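Okay, structure first, notes after.
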Amino acid sequence: MKNSSIFWCTSCLNTSTRPRIIFDKQGKCNACLWSEQKKKIKWKSRLKFLKDHLKKNKNPNSKYDLIVPVSGGKDGSYVTYYCKEKLGLNVLCVTVNPPLRSELGYKNLENFKKNEVDLLEINLPYHAHMKLNKFGFVKNGRPLYGWLIAIFTAIINIANQFDINLIMYGEDGEAEYGGVQKLKSKAFFDIEFIKKIYLSDQYNNSLKILNFKESHWWRLPKNSKTRMSHWSYFENWDSYRNFVVSKKFMKYEENTKKNVGTYTNFGQNDTLLYDLHCYLMYLKFGFGRATQDIGIDIRRGSMTREQGLQLAKIYDNEFPDYALNDYLDYFDIKEKTFFQIIDKHVNKKLFFKKKNMWVPKFLIN
Ligand SMILES: [Zn+2]
């Protein structure tokens, strides 16, 4: 079997097909290189920079120092915990409820509310939200696209309304998991970065499918002074630590079963559509949810590459059968159309169809 269309990081299992990833001459991906560089970063001085910035830039009209976007999941819960309990900040937590919420996602947000936090919950208008998600699914194989936009635009709107000058997101996924390296040494990022990187330059196109009134939560306010930052700039990002701390102090609960497409049971389990998102990611790029988790575990030293290879082969290709009817209902499409859309996004250099299943042509190594 020839692997001419794809190769893997020699240290973790990141693939060459991952958008924007870079490899060094030894074949190490930039997520692995970053995990080594991080050991030399002076985190204390970055945290001091944050404290100074907040002191200087807090809006005197606002009760709050910053917004932390949350879902009740481990990462937002951890950042809230740190800002509130360790730094003594006034945090406004904001959640943008995803479509097709899972029972566990619902429960965790309810649990999160018991933490004496100020939480603002946004429920986006159902049909406009669905239309944008469907646009993402059909056009780019991204079934959570409308939600992803709103995580930025709706929250910037709230920041403006409440005169809050800083929004603190979780990790810079590009540096942490492989991608552009621009934010490794930059505390803040801007709207253009979001549009280009996180929204794959489809933001303006996608909004054209909504009328002006419908698009309110997805439009960017003019002249916003609010700055955006990733917590991973100020403290070494460790998603397993986030899980442990959130479980202990923020009432976070993990899944009782493993999540679909991987061997772990915590993280990204707020919506049934994330499982579809990961399956499509696998068919588009040849790496799935398990490979992402394996990379994290290898870089934090809790798994060998050999162990990772075995797990990726078992779990990456898992289709979320259990939620098929929910997907069909939500997007209001027939099963045949649903699978035609999926087929359209498959990278045919990497997969072939056998008995109605997409099977990899490559052998992960
Ligand atoms: Zn790597």
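Below are the figures for this structure:
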quantity: Helices (runs of 4 or more DSSP H) within region 121-197 that include 2 or more residues surrounded by 21 or more Cβ atoms within 10 Å (Cβ to Cβ) and more than 16 Å from the ligand (Cβ to nearest atom); calculated: 126-140, 145-161
quantity: Within region 209-227, tally of residues that are within 14 Å of residue 149 (Cβ to Cβ) and outside any loop (DSSP other than H, G, I, E, B); calculated: 3
quantity: Residue within region 46-66 that is part of a loop (DSSP other than H, G, I, E, B), without any contact (Cβ under 8 Å) to a residue 12 or more places away in the chain and closer than 30 Å to residue 251 by Cβ present; calculated: no
quantity: Residue in region 222-229 that is modelled with pLDDT under 95, of a type outside the set (Gly, Ala, Ser), assigned by TED's automatic domain parsing to the domain that holds residue 154 and in contact with a helix residue (DSSP H, G or I) (Cβ under 6 Å, 6 or more places away or on another chain) present; calculated: yes
quantity: Any pair with Cβ under 7 angstrom, 6 or more apart, that starts in region 277-291 at a residue that is assigned by TED's automatic domain parsing to the domain that holds residue 347 and ends at one that is of a type in the set (Lys, Arg); calculated: 277/142; 278/289; 285/18; 287/18
quantity: Condition check for residue 11: assigned to a loop (DSSP other than H, G, I, E, B), within 16 Å of the ligand (Cβ to nearest atom), in contact (Cβ under 8 Å) with a residue 24 or more places away in the chain and hydroxyl-bearing (Ser, Thr, Tyr); calculated: yes
quantity: Residue that is surrounded by the most Cβ atoms within 10 Å (Cβ to Cβ), among those in region 26-44 that are within 14 Å of the ligand (Cβ to nearest atom) and not in a helix (DSSP H, G or I); calculated: 29
quantity: Residue satisfying condition, being more than 16 Å from the ligand (Cβ to nearest atom), buried (at least 18 other Cβ atoms within 10 Å of the Cβ) and of a type in the set (Val, Ile, Thr), within set 67, 21; calculated: 67
quantity: Test set (1) farther than 21 Å from residue 275 by Cα; (2) exposed (fewer than 12 other Cβ atoms within 10 Å of the Cβ); (3) of a type outside the set (Val, Ile, Thr); (4) in contact with a helix residue (DSSP H, G or I) (Cβ under 9 Å, 6 or more places away or on another chain) - residue 299 fails condition number; calculated: (2)
quantity: Single unsatisfied condition, residue 43 versus (1) within 27 Å of residue 316 (Cβ to Cβ); (2) within 26 Å of the chain's Cα centre (by Cα); (3) not hydroxyl-bearing (Ser, Thr, Tyr); calculated: (1)
quantity: Failed criterion for residue 62 (all others in (1) over 14 Å from residue 178 (Cβ atoms); (2) near the ligand (Cβ under 10 Å from one of its atoms) hold); calculated: (2)
quantity: Residue 107 being part of a helix (DSSP H, G or I), free of Cβ contacts under 8 Å to residues at least 60 places away in the same chain, surrounded by 14 or more Cβ atoms within 10 Å (Cβ to Cβ) and over 17 Å from the mean Cα position of the chain (by Cα); calculated: no
quantity: Residue in region 302-315 that is among the hydrophobic types (A, V, I, L, M, F, W, C), crowded, with 19+ Cβ neighbours inside 10 Å and either on the phi > 0 side of the Ramachandran plot or away from the ligand (no atom under 16 Å from the Cβ) (or both) present; calculated: no
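The values are calculated or read from the model by the stated rules, or taken from the named source; none is laboratory data. Computed from a prediction, not measured in an experiment: that's the story for all the values here. As a convention, Cβ positions derive from the backbone with ideal geometry for all residues, glycine included, and neighbour counts pool all protein chains shown.
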